[in-house]
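Taking it in order: structure first as structure tokens, then the write-up.
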Amino acid sequence: MLEFAYPAVLLGAAAAAGAVWWLYRRPELPPATGVAAAFLWHDAERTDAEASHLVRRDRRWVLRAAIAVAIGTAVAGPRWLTSSPSPMVVWIDDGPSLLAVDDGVVRAESLAERVAAKLREAAVPEAEFRSLRQPGRHLRLDRPEAAAIRAWIAPTESPPFLPLTGSAPATGGIWLATDGADGRIASWIETVRPDRIVQTGSETENVAVSAVAVRRPWDGPPGFIGFVEIVNAGDGVAHRAVRLSEASGAEILNTEIVIEPGQTRRLSFQIEADATRIRATVAPADALSRDDSLELSLEAARPIATIVDAACGEAVRAALAAHPGLRMADAGRSNALRVACHPDATADIELHRDGPFEAVADPPAWRAIAGALRDVRLDRSWVRVGSTARALDGEPLLMAGDKTLIRAEGGRIVSDLDLDDRKLTRRPAFPALLSGLLDRVAGRALLDPLVRSERAADSLRIAPHTFTDPGRPAPIASAAAPLTLPTLLAALALLGLDIALGVRSRPRR
Amino acid sequence: MVRDSSAGGLTDLDLRDLTALGRIADLLFIGREGRTPGAARRRLRAGHGEEFLDHQSYSPGTDARLLDWRASARLPDPVIRRRGDEGASEWMVCLDNSASMAAPGPRRWRLALHLATAFLHVLLRHGHTAGLLAYSDNVDALCPPGRGEPQFRRGLAFLDRLAPPRAGAASTLSACAPHLRPRRSAILIGDFLMDGDLAVELDRLRASSGELQLVRISDAEDVPDLGRGPATIEDAEIGSRLSLSDGETARAVARRRLDELDAALVTACAQRRIPLTHCDSSMTWLACAVSHLRAASPPRA
């Protein structure tokens, strides 16, 4: 169905067509051509009155009236309504603050209620809900109901991705549903200018456990030291009891704190070596209980069980035994890191001792994929390599000229270095080299691991920013193909035809 | 009267070309001129002047009053005494100043101005007395006859100020007659697009002047292409508008009428031994002037 954005303009177009007809209502003689001697033409002479009967009315008035109508129609904003309506798009700011409770109601529920109510109020028949923090996640509802909306909302700590909806296909309007906790969407609102902003949320106070971290003490009794970090993301001073306990229930820390708004407090603690998991909580619970506690597994902070091949040399064995991140285990233990000093395809680290070894001609150089191992500097004079060393399977990590000294085979490491040579083993670089190889195989730093669990600071604030609802009425919720450009092109085509006809009828010079 | 200053102008006329034309004229008139005492040259032509030109054998029918008795007594046969034609050494270059000279474009008028300048230069170079006259249905402007370089400068200034009206001025040849005399010859430069009896006009001029020469300047656009269909034309001189039912047919009629007019002019001039040169406005003034000098130069003595 054809409709116009400004139907009144059509009256102007009709008037313009009438004006063209009026201007062409009487035939007019063509403009006079000046000649040096008109008497030469006397034999073909007609009086003006006689000639006016011979001159036909210029039929191009029809063409020019059509041009006027086409231009007027284009200005009137024609569009063709299609059968498939474009839904209202409602962006849901599904941040973690939607789990906050305001007056006993979870924000996500109150937001869903409000959105559904506003859509009903605006008589929006169909809406598509899109997540502002999970790209591509959407829900299309023919009759938006609060329950369906609430069931779809899945708050996440992911930051908003702030889509440029200005470049998206035309929709039946854009709304934003938010609790306003995340101020980062303010600039997005300025850009996208949604038609409506549905906002909920009133609670502002939130104290959260933002981080728990532990490490092994460098020179102390076995066990761990750590800290728990408390953040007041609210607007007022907060009193909280902080409790830290093991998974077994044994209490590690129990204290009360007073924390200013926006302040971060760190509380230190020590725990025994046999602890496996700890949990930090603040009490009493506030509007967002989700961030009132935080757990941390200590497994990654423990020394890793390691089986060292008996065939390994003294220097290797001594270096591994001194590594604080390793715990020597018996040969039969499973889930242990295995260091072999003879060909063994099952070992995590395979150190070849079968010589003969020879000096290298070129300085050893780490490849880029060696990562942190590149910090270990090895001099050419310290290094000897097995005479059979050559580029075999795997990815070279350390090379000297065309000789591969250390290579990675999948998750394993194979070394052809002479690790019994005192020129190397007496250097500080030797234990650093072994430590680096162990870190690479274990996939984490074993020497001094810091284990932590934390929350993003942006996800802790629930105090809403207040956005002004533009309150623009819902646009026509039907999909409409604009016809302005085709109409203008038609007018241009008619104009070109008119010009062509004019050129044809012009006297040749 | 509105003047179109853009139609004329002598700014693109090169004095070196004029000098070249003068040399060409010198060659054309070698052996055809007599030299009189002093610096002035006179045309070698018998007439009714006061100065002696030469003797010629008497032939029956010759006026007996011309017999030079004293010379005849010394010679075996009677001879007559001829006098030079002093009146024929005075010329008036008459330039058509009607509106049609500036229609349909400025080319015709520019060529006419250049030709008038060229003829003035040649005449003065050859010792004649020469003046300029611009006419339409009356004499619009006059530069009295004079001699030498000062007269050429006066003539240049006169022509430089001259411009035909855009409309409203017809051309009448006999308008020049009051300023011509039996001993004053005339060169008429114009389009000669006249609806009247051209022969009568020429006879009137001949009756009041000495030798008469015509230079007709035509233009390809004298009969413009109006295209097919109805058309309207407007006369540049009298401003009358004519409506034509079909421009193409009417143009053919006008073309035929123009050809007839040209033929009548040629016939009238031939019958009266009036030198006529036909130039198109697309020609250079030098080519047109040389063409006319060739046509107008007398046979070798």
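If I filter the stretch A:355-370 down to residues being small (Gly, Ala, Ser) and part of a strand (DSSP E or B), which single residue comes out as most open to solvent (accessible area, probe 1.4 Å)?
This residue is A:ALA359.
Name the single residue, out of those in the stretch B:207-237 being modelled with pLDDT of 85 or more and in a helix (DSSP H, G or I), that is farthest from the other protein chains (Cβ to nearest Cβ).
Taking the candidates together, the pick is B:ALA220.
For a quick check of your reading of the model, give me the residue pairs whose first member lies in the stretch B:261-280 and is more than 25 Å from B:LEU113 (Cβ to Cβ) and touching a residue at least 40 places away in the same chain (Cβ under 8 Å), whose second is open to solvent by 50 Å² or more (accessible area, probe 1.4 Å) and not hydroxyl-bearing (Ser, Thr, Tyr), with beta-carbon atoms closer than 8 Å and at least 6 apart or on different chains.
The qualifying pairs are B:ARG272/B:ASP203; B:ARG272/B:ARG206.
Please specify each residue of the stretch B:162-195 satisfying the condition of being part of a loop (DSSP other than H, G, I, E, B), away from chain A (no Cβ under 11 Å) and of a type in the set (Gly, Ala, Ser).
Passing the criteria: B:ALA163, B:GLY168, B:ALA169.
If you take the residues in the stretch B:261-293 that are part of a strand (DSSP E or B) and touching a helix residue (DSSP H, G or I) at 6+ places or on another chain (Cβ under 6 Å), which one is nearest to the other protein chains (Cβ to nearest Cβ)?
My answer is B:CYS279.
Among the residues that make up the stretch B:61-79, is at least one of them at pLDDT below 80 and crowded, with 16+ Cβ neighbours inside 10 Å?
The answer is no, given that none of the residues of the stretch B:61-79 is at pLDDT below 80 and crowded, with 16+ Cβ neighbours inside 10 Å.
Can you pull out every residue in the stretch B:238-260 that is of a type in the set (Val, Ile, Thr) and either more than 7 Å from chain A (Cβ to nearest Cβ) or buried (at least 17 other Cβ atoms within 10 Å of the Cβ) (or both)?
B:ILE238, B:VAL253
Could you list, in sequence order, all residues of the stretch A:19-32 that are at the interface with chain B (Cβ under 7 Å from one of its Cβ atoms) and either modelled with pLDDT of 80 or more or within 14 Å of A:ARG59 (Cβ to Cβ) (or both)?
Within the stretch A:19-32, no residue meets the criteria.
Just checking, how many residues over the stretch A:280-303 are assigned to a strand (DSSP E or B) and either of a type in the set (Val, Ile, Thr) or without any contact (Cβ under 8 Å) to a residue 60 or more places away in the chain (or both)?
3
Return yes or no: is B:LEU115 closer than 20 Å to B:ALA289 by Cβ and out of contact with any Leu (no Cβ under 6 Å at 6 or more places or on another chain)?
When the stated conditions are applied, B:LEU115 passes them.
Scan the stretch A:262-294 for residues that are open to solvent by less than 40 Å² (accessible area, probe 1.4 Å), of a type in the set (D, E, K, R) and in contact with a helix residue (DSSP H, G or I) (Cβ under 9 Å, 6 or more places away or on another chain) and report the count.
Matching residues across the stretch A:262-294 total 1.
Within the stretch B:10-32, which residues are surrounded by 13 or more Cβ atoms within 10 Å (Cβ to Cβ), modelled with pLDDT of 60 or more and not in a helix (DSSP H, G or I)?
Of everything in the stretch B:10-32, those that are surrounded by 13 or more Cβ atoms within 10 Å (Cβ to Cβ), modelled with pLDDT of 60 or more and not in a helix (DSSP H, G or I) turn out to be B:LEU10, B:LEU13, B:PHE29.
Can you tell me which residues in the stretch A:127-148 are buried (at least 17 other Cβ atoms within 10 Å of the Cβ), touching a Phe, Trp or Tyr at 6+ places or on another chain (Cβ under 9 Å) and under 17 Å from A:VAL192 (Cα atoms)?
Result: A:PHE129, A:ARG130, A:SER131, A:LEU132, A:ARG133.
So the check is Cβ under 9 Å with 6+ separation or different chains; which pairs have a first residue in the stretch A:321-341 that's on the phi < 0 side of the Ramachandran plot and free of Cβ contacts under 8 Å to residues at least 60 places away in the same chain and a second one that's loosely packed, with under 13 Cβ neighbours inside 10 Å and part of a strand (DSSP E or B)?
So the pair list comes out empty.
Please verify whether the stretch A:448-458 includes one or more residues that are in a helix (DSSP H, G or I) and modelled with pLDDT under 85.
Yes, there is a match, as at least one residue in the stretch A:448-458 is in a helix (DSSP H, G or I) and modelled with pLDDT under 85.
The values are calculated or read from the model by the stated rules, or taken from the named source; none is laboratory data. Note that the structure is predicted; figures quoted are calculated from it, not measured. Heads up, the Cβs are rebuilt from the backbone with ideal geometry, glycines too, and the neighbour counts pull from every protein chain shown. The area values use the complete protein model at the heavy-atom level, side chains included, leaving out ligands, DNA and RNA. Shrake-Rupley method; radii C 1.70, N 1.55, O 1.52, S 1.80 Å.
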